[in-house]
1. If I model a spin label as a point 7 Å beyond the Cα along the Cα-Cβ vector, how far apart are those points for Y125 and K60 in nm?
2. List S95, S134 from most exposed to least, where exposure is judged by having the fewest other Cβ atoms within 10 Å.
3. What order do you get for D83, D64 when you list them from fewest to most C-beta neighbours inside 10 Å?
4. If you find the alpha carbon centre of the stretch 114-159 and of the stretch 61-98, how far apart are they in angstrom?
5. How big is the dipole moment of the stretch 91-256 about its Cα centre under a simple scheme where the beta carbon of each Lys and Arg is +1, that of each Asp and Glu is -1, and everything else is neutral? Debye, nearest 20, please.
6. Of R73, R90, how do they rank once you tally other Cβ atoms within 10 Å and put the fewest first?
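Taken together, the values in this text are just the output of simple stated rules run on the coordinates, not laboratory data. From a predicted model like this one, the values you see are computed outputs, not experimental measurements. All Cβ positions, even for glycine, are placed from backbone atoms using ideal geometry, and neighbour counts span all protein chains on display.
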Amino acid sequence: MVSETGKPRINLTAISSGASPKMSPSTYSRTSSPEFGGISKEGYIDDDLPTNVSHEDQLKSLPDFCLSGIKQRPLRHVNEKGDVSTYHLRPMTYSVIFILLVELLERFSFYGVQYTQTSYLTGAYNHNWNAGMSAVGASSYVSISTAVAYTMPFAGAYLADALMGDYAAILFGAVVLYLPGLVMILVSTIPHLLGDTFPQGLMSFGLLFLWPTGTGVVKSIVNVFGAKQFHPLLQSSLIESYYVNFYSKYCQRSRRW
């Protein structure tokens, strides 16, 4: 059977009943085989599958190789390496909402620190406890911190893709870099907590290295990590909606600041 695009088409009913589809060696690949998931961009059955699976009733129309048999995460996908992943029917309320919450808190923290640092460093909030910087010096500090934050996504991407994976990289960026940096900045604002002189070195290390580095690492991964909670084919239209909502909310927050 041939589809309108000229690609051979599999009989999904035959597959779901356990029959082996007939195809020539030139069109049969591991990623298009039902035992490896049966769905790939180079295959020929993608057009027959829905792209908005989010309800239990829709599972009945899916072939067996798309189902994991796991009640909580019933959707199944196998990538070109043979790695099996399972997905929830409603990832937005199952896991994505918590990822978006992390992004919301991170942006709130980032803009809160960024827009108050110049005044803080020049002593606008406390004339007796500050870094004693001029407006130019304070602006330079904040500019360097911002430059580091927008450069570090390259490091975050490398950590996630080559070394640690998405989840571990987000955890590393948040717990090892971001939060300690914020704590150092916070501690420096409390008069005489660590001595009689302003902790310039502690504040600089937190503001110029730890905090912006953690910002870049987390920022480069968190939105993609959210999209990966959706099945790449059976929920592809939901991924589009996720990104539209993600960036519309992001732009709204930016305009408010």
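1. 6.0
2. On the way: S95 17, S134 10.
Starting with the residue having the fewest Cβ neighbours, the order is S134, S95.
3. Least crowded to most crowded, the residues run D83, D64.
4. Between the Cα centre of the stretch 114-159 and that of the stretch 61-98, the gap is 43 Å.
5. Values: 7 positive and 6 negative charges, 76 e Å.
Computed about the Cα centre, the dipole is about 360 debye.
6. Values: R73 16, R90 13.
Going from least to most buried by this count: R90, R73.
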